[in-house]
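Heads up: the structure comes next, in structure tokens.
The values are calculated or read from the model by the stated rules, or taken from the named source; none is laboratory data. Quantities reported herein were computed from a predicted structural model and do not represent experimental measurements. Note that we place each Cβ from the backbone using ideal geometry, even for glycine, and neighbour counts take in every protein chain shown. The protein model used for the area step is the full one, side chains on, heavy atoms only, and it has no ligands, DNA or RNA in it. Shrake-Rupley method; radii C 1.70, N 1.55, O 1.52, S 1.80 Å.
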Amino acid sequence: MEIWTIISEQWQQQSIIEVFAVLAAVTYVWLAAEESSWCWPFGFLGTILYAFIYWDVSLVFQTLLNVYYVGMALWGFITWRRKGLDSLEISRMSFNLHMAIIVGGIAASGFIYLCASYWLLYDLLLIDIIITVFSLTTTYLTVKKKLENWIYWTVINTASIYLLIETELYLSILLMFVYILIALKGLNQWLATYSENELKHAVG
């Protein structure tokens with residue numbers, strides 16, 4: 001019961017901005033799992049709000065990440081709304097692409113940390129950078145409808161829970177748990193759609 005008491009108290013303390021940011025973010029991920037292009041307007045709204053929220057708690061790279069998300073939301077909406085023969089279908093990632101993302105992400109995170117640590121001094125700097133770097137890449141994978149993007153988001157959102165606990169953004173912690181559940185739903189639905197498309201191409 002204690003945990004629910006804490007959550008209730010934190011809910012009352014949340015800013016209206018975080019409440020709307022969470023609602024927009026949940027709607028975005030839910031619609032993305034449904035392959036609806038209307039996920040991107042909600043993503044646009046949520047990321048603008050979260051840019052202010054993360055700036056307020058001094059998470060520099062999360063703030064920059066959400067500024068990047070704003071642009072990606074616009075690109076994602078345009079990409080997913082295309083009609084005709086060039087409409088985007090779900091595709092799989094190769095092993096080499098997985099390795100490039102993982103190795104490249106680790107290397108980029110280390111390099112950015114070495115540079116940023118000269119100017120920025122806060123305890124969460126490294127995990128802030130790691131989450132940001134891999135979120136940048138995974139957002140691109142989502143726009144390109146790579147099936148495995150949901151796996152990457154599950155790992156990223158799990159790591160984000162620690163970051164949010166440390167910054168006492170408890171409502172957003174609940175958001176991460178919702179993200180994880182929807183990511184698993186999205187993975188299942190996208191896998192089914194991918195299999196159907198592969199069967200159609202094989203028959204056609």
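Looking only at residues that are without any contact (Cβ under 8 Å) to a residue 12 or more places away in the chain and not aromatic (Phe, Trp, Tyr) in the range 107-116, which one is most open to solvent (accessible area, probe 1.4 Å)?
Pass one, the range 107-116, residues without any contact (Cβ under 8 Å) to a residue 12 or more places away in the chain: 107, 110-111, 114-115.
Now drop any that are not not aromatic (Phe, Trp, Tyr), which leaves 107, 110, 114-115.
Details: Ala107: 62, Gly110: 31, Leu114: 110, Cys115: 52 Å².
It comes out as Leu114.
Test Ser109 against the criterion of being part of a helix (DSSP H, G or I) and either of a type in the set (S, T, N, Q) or modelled with pLDDT of 90 or more (or both), and give yes or no.
Numbers: part of a helix (DSSP H, G or I): yes; either of a type in the set (S, T, N, Q) or modelled with pLDDT of 90 or more (or both): yes.
When the stated conditions are applied, Ser109 passes them.
Keeping to the range 123-140, report how many residues are of a type in the set (Asp, Glu) and open to solvent by 30 Å² or more (accessible area, probe 1.4 Å). Even if it seems obvious, please write down each step before you answer.
Here is the first cut: in the range 123-140, the residues of a type in the set (Asp, Glu) are 123, 128.
Within this subset, residues satisfying the condition of being open to solvent by 30 Å² or more (accessible area, probe 1.4 Å) are 123.
So the answer is 1.
Return yes or no: is Ala202 of a type in the set (Gly, Ala, Ser) and loosely packed, with under 15 Cβ neighbours inside 10 Å? Please lay out each step first, then the result.
Working: of a type in the set (Gly, Ala, Ser): yes; loosely packed, with under 15 Cβ neighbours inside 10 Å: yes.
Taking the combined requirement at face value, the residue satisfies it.
Within the range 155-171, which residues are more than 23 Å from Gly186 (Cβ to Cβ), among the hydrophobic types (A, V, I, L, M, F, W, C) and crowded, with 18+ Cβ neighbours inside 10 Å?
Within the range 155-171, just Leu169 meets the criteria.
Sort out which residues of the range 89-141 are among the acidic types (Asp, Glu), over 22 Å from the mean Cα position of the chain (by Cα) and closer than 30 Å to Asn197 by Cβ, and write them in order of number. It would help to see each step written out before you state the result.
In the first step, residues of the range 89-141 are kept if they are among the acidic types (Asp, Glu); the result is 89, 123, 128.
Next, from what is left, pick out any that are over 22 Å from the mean Cα position of the chain (by Cα): 123.
Selection gives nothing.
Can you confirm whether Gly46 is open to solvent by less than 30 Å² (accessible area, probe 1.4 Å), closer than 18 Å to Tyr152 by Cα and in contact with a helix residue (DSSP H, G or I) (Cβ under 8 Å, 6 or more places away or on another chain)? Let's see the steps before the verdict.
Numbers: open to solvent by less than 30 Å² (accessible area, probe 1.4 Å): yes; closer than 18 Å to Tyr152 by Cα: no; in contact with a helix residue (DSSP H, G or I) (Cβ under 8 Å, 6 or more places away or on another chain): yes.
No, not satisfied.
Within the range 75-88, identify whether any single residue is under 30 Å from Trp119 (Cβ atoms) and either at pLDDT below 90 or under 17 Å from the mean Cα position of the chain (by Cα) (or both), and answer yes or no.
So far as the range 75-88 goes, yes, one or more of its residues are under 30 Å from Trp119 (Cβ atoms) and either at pLDDT below 90 or under 17 Å from the mean Cα position of the chain (by Cα) (or both).
Just wondering, is there one or more residues in the range 168-178 that are more than 23 Å from Arg81 (Cβ to Cβ), out of contact with any Pro (no Cβ under 9 Å at 6 or more places or on another chain) and outside any helix (DSSP H, G or I)? Please lay out each step first, then the result.
Here is the first cut: in the range 168-178, the residues more than 23 Å from Arg81 (Cβ to Cβ) are 168-178.
With out of contact with any Pro (no Cβ under 9 Å at 6 or more places or on another chain) added as a condition, the list becomes 168-178.
Imposing the further condition that a residue be outside any helix (DSSP H, G or I) reduces the set to 168-169.
Yes, there is a match, as at least one residue in the range 168-178 is more than 23 Å from Arg81 (Cβ to Cβ), out of contact with any Pro (no Cβ under 9 Å at 6 or more places or on another chain) and outside any helix (DSSP H, G or I).
Tally time: how many residues in the range 169-204 are touching a residue at least 12 places away in the same chain (Cβ under 8 Å) and not hydrophobic (A, V, I, L, M, F, W, C)? Write out each step before concluding.
Step one: list which residues in the range 169-204 are touching a residue at least 12 places away in the same chain (Cβ under 8 Å), which gives 169-180, 182-187, 189-191, 193-194, 197.
Restricting the remaining residues to those that are not hydrophobic (A, V, I, L, M, F, W, C) gives 170, 172, 179, 185-186, 189, 193-194, 197.
So the count comes out to 9.
Hey, Tyr152 hits all of (1) surrounded by 18 or more Cβ atoms within 10 Å (Cβ to Cβ); (2) among the hydroxyl-bearing types (Ser, Thr, Tyr); (3) at pLDDT below 90 but one; which does it fall short on?
Unmet for Tyr152, out of (1) surrounded by 18 or more Cβ atoms within 10 Å (Cβ to Cβ); (2) among the hydroxyl-bearing types (Ser, Thr, Tyr); (3) at pLDDT below 90: (3).
Would you check if there is a residue in the range 87-99 being in a helix (DSSP H, G or I), in contact (Cβ under 8 Å) with a residue 24 or more places away in the chain and open to solvent by 70 Å² or more (accessible area, probe 1.4 Å)?
no
Is there a residue in the range 79-100 that is closer than 28 Å to Val57 by Cβ and of a type in the set (Ser, Thr, Tyr)? First the steps, then the outcome.
Just the residues of the range 79-100 that are closer than 28 Å to Val57 by Cβ, to begin with: none.
No, because not a single residue in the range 79-100 is closer than 28 Å to Val57 by Cβ and of a type in the set (Ser, Thr, Tyr).
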